[in-house]
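Let me begin by presenting the structure, written as structure tokens, before commenting on it.
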Amino acid sequence: MATIITHSVIALSSSYSFSSGKESLKFWILSIACSSLPDADVIGYRWLYIPSYHFFGHRGFFHSPVFAALLSLFIVCIFYRKEVIFSNQWWKYVLYFFILSASHGLLDALTNGGNGIALLSPITNERYFFPWTPIEVSPLSIKAFFSQRGFTVLISEMIWIWAPCLLFIIFLELKRRKYKYVKGFLL
Amino acid sequence: MKQLVFFIVITVIASCGQNEPLTNYEPKSPQEQALKSILLDFQGGVNTLDAKKIESLIHPKASLMTGRERKTLSKEKYVKILPKRLAGNPSIALGKPKMTVAGDKAEVKIYMTRGNYNGLVVYNMILEDNKWYIQGWKY
């Protein structure tokens with residue numbers, strides 16, 4: 001897996017691009033939770049004797065786009081009850097949380113170790129990686145994470161994920177400022 | 001604040017594992033006792049770099065997963081790389097197992113600690129001529 005910190009970085013940069021500046025704290029918390037939640041399957045692996053290659057194993061169904069769709073619908077139905085179902089804003093939230101949650105599996109498919117990701121689950125439990133896997137896989141153990149290995153993983157994630165996210169945010173910020181400037185000039 | 005709590009909870013959960021050693025496991029039947037002995041022999045073989053001992057525990061038609069790339073090898077191929085793998089890897093500690101015995105076959109799920117790695121390994125065992133053998137393992 002990529003680290004929970006990096007999944008949160010993805011969540012924060014996505015939130016920034018989606019947010020109109022009026023989103024509540026709930027929105028930000030849900031964004032982070034949504035992008036990190038698929039890794040809750042580690043509990044089964046570490047405690048419940050569920051092997052990683054099992055349907056519900058680590059990087060199994062919970063890392064699939066189907067689960068991402070279910071999770072996004074659940075989140076919007078529970079936490080955005082005031083939104084009219086099937087309205088434009090409702091769909092925006094569903095799509096946003098779906099992309100965030102699905103990004104978890106896709107990001108893990110770019111890592112260079114562990115099991116592949118069950119991207120087509122529940123149709124098949126076959127595990128997949130992308131042909132290009134530049135990101136160092138993060139160890140599951142916290143002890144290992146706070147070692148040289150964890151440091152290597154973080155550096156790799158900074159290069160391949162944090163930096164592009166930062167550039168994306170800078171690009172958006174410049175675009176917004178330019179828009180405000182042009183709008184101010186025209187008005 | 002909530003993000004911090006979430007992170008701490010996940011951290012605590014992830015840092016805990018099945019730390020109770022295999023030696024403490026109380027077998028519920030003679031079959032489980034035999035399986036425990038094999039696993040203890042396996043652990044001993046790995047930790048003393050005794051490739052011959054490990055080889056004797058494995059069934060001739062076994063399929064064994066190996067390496068980070070999780071390739072499955074036959075016993076014949078596995079024993080060829082075994083001495084090198086033993087020399088290159090730290091010692092192991094097996095944890096509390098979960099055993100399922102059905103006739104002459106058994107499945108043992110067990111947590112293995114090796115260096116900083118702690119993961120679940122599933123051993124498939126087979127009873128042949130009154131002796132249990134490792135028929136395969138996956139992780």
Residue check: is A:Ile5 within 18 Å of A:Asp108 (Cβ to Cβ), among the aliphatic types (A, V, I, L, M), in a helix (DSSP H, G or I) and without any contact (Cβ under 8 Å) to a residue 12 or more places away in the chain?
no
Within the set of pairs 6 or more residues apart or between chains, which connect a residue that is free of Cβ contacts under 8 Å to residues at least 40 places away in the same chain inside the range B:119-139 to a residue that is among the aliphatic types (A, V, I, L, M) with Cβ atoms less than 6 Å apart?
B:Val121/B:Ile110; B:Val121/B:Met112
Can you tell me which condition A:Ser13 does not meet? The list is (1) in a helix (DSSP H, G or I); (2) under 30 Å from B:Ile110 (Cβ atoms); (3) in contact with a Pro (Cβ under 9 Å, 6 or more places away or on another chain), and all the others hold.
(2)
The conditions are (1) on the phi > 0 side of the Ramachandran plot; (2) buried (at least 16 other Cβ atoms within 10 Å of the Cβ); (3) more than 12 Å from every other protein chain (Cβ to nearest Cβ), and A:Phe67 fails exactly one of them. Which is it?
(1)
Residues B:Lys77, B:Lys61, B:Lys53: which one is without any contact (Cβ under 8 Å) to a residue 60 or more places away in the chain and either in a strand (DSSP E or B) or closer than 28 Å to A:Glu126 by Cα (or both)?
B:Lys77
Of the listed residues (B:Asp104, B:Asp41, B:Asp50), the one being surrounded by fewer than 13 Cβ atoms within 10 Å (Cβ to Cβ) and either among the acidic types (Asp, Glu) or within 14 Å of the chain's Cα centre (by Cα) (or both) is B:Asp104
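Can you confirm whether A:Phe27 is assigned to a helix (DSSP H, G or I) and of a type in the set (A, V, I, L, M, F, W, C)?
For A:Phe27, the condition - assigned to a helix (DSSP H, G or I) and of a type in the set (A, V, I, L, M, F, W, C) - is met.
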Quick one: in the range A:80-112, which of the residues that are over 20 Å from A:Ser17 (Cα atoms) and surrounded by fewer than 17 Cβ atoms within 10 Å (Cβ to Cβ) is nearest to the other protein chains (Cβ to nearest Cβ)?
A:Asn112
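Any read-out appearing in this document is the output of simple, stated calculations on the displayed coordinates, not a laboratory observation. Bear in mind that the values here come from a model prediction, so they are computed numbers and not experimental data. When we count neighbours, we look across all protein chains shown, and the Cβ atoms used for this are built from the backbone with ideal geometry, even at glycine.
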